[in-house]
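What follows is one structure encoded as structure tokens, with my remarks underneath.
The values are calculated or read from the model by the stated rules, or taken from the named source; none is laboratory data. Keep in mind that this is a model prediction, so the values were computed, not measured. Here the Cβ positions follow ideal geometry from the backbone for every residue, glycine too, while neighbour counts run over all protein chains shown. In case anyone asks, the SASA skips ligands and DNA or RNA and just uses the protein heavy atoms, side chains included. Shrake-Rupley method; radii C 1.70, N 1.55, O 1.52, S 1.80 Å.
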Amino acid sequence: KCYQENNELIATHFTFRNARWTDYHLYISRYVDDLFVTRSQSSQDYFSLYSLPGQSAGAPRSEFLIASERWPNNVISMYEQTDCYDSDRSRGYGCTSSYVAGTSR
């Protein structure tokens with residue numbers, strides 16, 4: 001759905017750091033539309049948080065976009081992926097679901 005209002009900027013210039021391995025943090029590659037983890041910092045590591053328009057007035061915000069500061073048209077996305085296999089495989093028949101994180105334009 002389209003709205004007349006723009007996304008509202010909530011926070012800027014923040015990074016995502018691994019809680020267990022604190023030297024590692026996320027970045028968006030300039031070569032591939034995907035998320036990666038690195039130890040070296042660069043301008044690719046910083047993100048901005050936007051609140052989406054059209055949310056109920058007075059209610060807590062629940063819909064956000066996390067955008068790359070370096071490439072503002074790239075946002076973090078997450079989706080559920082289901083992989084199914086048939087009985088020809090050694091594992092037998094079944095499906096597995098997982099959440100995949102990446103970037104979208």
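Here the peptides 33-45, 67-79, 2-14 are ranked by packing, the mean other Cβ count within 10 Å, and the order with the highest first is 67-79, 33-45, 2-14. By the Cβ-Cβ criterion of under 4.7 Å, the unpaired cysteines of the chain are C2.
Computing Rg/Rh (Cα atoms, Kirkwood Rh) directly from the structure and comparing it against (1) 1.02; (2) 1.09; (3) 0.97 singles out (2). Computed from the C-beta positions of S40 and Q81, the FRET efficiency with R₀ = 25 Å rounds to 0.30.
The residues of the chain present an accessible area of 76 Å² per residue when probed at 1.4 Å with all protein chains retained. Residues whose amide H lies under 5 Å from that of Y46, counting only those 5 or more places away or on a different chain, are E69, R70; hydrogens are built 1.01 Å from N in the peptide plane.
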